[in-house]
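Worksheet: one structure, shown below.
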Amino acid sequence: MSRAAGLDTRSRRRWGILALGLAAQTASCSFLYGIPFLVPEMRAAGLTLAEAGTIVAAPSIGLLFTLIVWGAAADRYGERLVMAIGLGASSALLLVTSLAAPSTGVLFALFLLAGALTASVNAASGRAVMGWFGPDERGTAMGVRQTAQPLGVGVAALALPPLAQHWGFRSAVLFPAVFGLVVAALVAWLVIDPPRPEKKPGAPKPASPYRTPTLWRLHGASALLVVPQFAVSAFAPVYLVSAHGWSALAAGWFLAAVQVLGAVGRLASGYWSDRVGSRLRPMRQLAVASAAVMLLVAVGDVSWMWVVLFALVLAAVITVADNGLGFTASAELAGIDWAGRAMGTQNTAQNIAASLTPPLLGLVIGDSRYALAFCVAAVFPVLAVGLTPVRAETRSS
């Protein structure tokens, strides 16, 4: 085979592997972020609101405790094995959940374990992108992968409510179960782990990148930037309904359309980072923009309706655009031997911030102090501007 033909084959292979990583992450997100769509049918089946809320929280709790562990497993054993086993086992548990109709307590435990298992996809799929794509394409590739969250939410929004309405919420869980099993089988069959640098016998293990503050600062900055993102996603629906009299359906359709723009924003920021040869300079600039747009939302709340709608559209795009940049930078700064653990730690920090944002901002809002809450949310990206370690950035391949 000629060198040109070999490069062409490698190019096709890596984009195929990216597509499978995207599919795996989408399947995972359809479960993690799809369960809230089943709450009405949970209530109809006799669960209290508190019980339904506990069930909804279970997958995210499980995810939080295992992200770093799965990242370490991907570093040691490879991406294909970790993705296939984790996603396959998680989907098998969902299949059991759907067919066995367990009690509420058992349902919580099964969802908790399924969330812990599906966390395998986060670091492993990102690590595959890190290995198969060079620095000049990695941002775009990771941006493609980052669209999995809005895709997963969209797929769940379309599939789960009608299934639950016709056959009950437990039967609706069959959808993410089958989706995940099919994708896990394709991953096991078709994904190829990226080449790894050969290690010389007796060579010392790579030193931990966490001995210096660079990655800690990056994780901290990324966690701070999650606050405006979840301020918008958690409170925009109830804000439009309670403060402006929209119907829940109209608010849902508006925000669903904005999710599509958010996915485009993730792609655009990844492409931008490839062109300028940096992840963290664009990330810092997006932090400034995020603070500005949250203040614009607050101004819209006390002025004109068109201003707040325009600001919410901008906020839904800008506040999610940095996600892939921080994730990619974590892997690049950590190096290939620590990439999985670094991405797992990055996701853990972001998930902690995401979990804390709604209750904390809810206390600020009270009955109607939305403008104040949006101003508070603007403080966090301002702090991230100074914390982002732009000068320490290196471009590792």
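The values are calculated or read from the model by the stated rules, or taken from the named source; none is laboratory data. Keep in mind that this is a model prediction, so the values were computed, not measured. Virtual Cβ from ideal backbone geometry, glycine too; neighbours counted across all protein chains shown. Ligands, DNA and RNA are stripped out before the accessible areas are found, and what is left, the full protein with its side chains, is counted by its heavy atoms. Shrake-Rupley method; radii C 1.70, N 1.55, O 1.52, S 1.80 Å.
For R43 and E198, what is the calculated FRET efficiency with R₀ set at 51 Å and r taken between the beta-carbons, to the nearest 0.05?
Here the calculated transfer efficiency is 0.35.
According to the square roots a ≥ b ≥ c of the eigenvalues of the Cα gyration tensor, what is the shape class of the range 177-273, taking rounded for a/c under 1.5, prolate for a/b larger than b/c otherwise, and oblate for the remainder? Oblate shape, in that a/c is at least 1.5 and b/c is the bigger or equal ratio. Over the Cα atoms of the range 22-77, the radius of gyration divided by the Kirkwood radius equals 1.12; this is the Rg/Rh ratio. Take the chain with all the other protein chains still there, run a 1.4 Å probe, and you get 43 Å² of accessible area per residue.
Computed packing ranks the peptides 228-234, 187-193 as 228-234, 187-193, most packed first, by mean other Cβ atoms within 10 Å. For a test of the definition: using alpha carbon positions, the gyration tensor, and the 1.5 limit on a/c, classify the range 331-397 as rounded, prolate or oblate. It comes out oblate by the Cα gyration axes.
Shown here: Rg and Dmax of the Cα atoms in Å, derived from the displayed model; of the candidates [x] 20.1, 61; [y] 19.0, 55; [z] 21.0, 69, it corresponds to [z]. Of the trypsin sites (Lys or Arg not before Pro) found in the range 169-273, those that fall in a DSSP loop while having at most 14 other beta-carbon atoms within 10 Å are K199.
For a modelled paramagnetic label at V299, 7 Å from Cα along Cα-to-Cβ, no residue of the range 215-256 is in reach, as no backbone nitrogen comes under 15 Å.
Within a Cβ distance under 15 Å of A58, other residues only, what is the Lys/Arg minus Asp/Glu net charge?
For residues surrounding A58, the net value is 0.
Helices in the chain that qualify as membrane-span-like (whole DSSP H runs, Cα extent of at least 30 Å along the helix axis, mean Kyte-Doolittle hydropathy of 1.0 or higher) are 49-77, 79-100, 214-244, 280-301. A Förster distance of 30 Å, applied to the separation of the beta-carbon atoms of E51 and A188, puts the FRET efficiency at 0.25. Calculation over all alpha carbon pairs of the range 174-227 in 5 angstrom steps from 0 returns a P(r) of 4, 13, 9, 9, 9, 13, 21, 15, 5, 1 percent.
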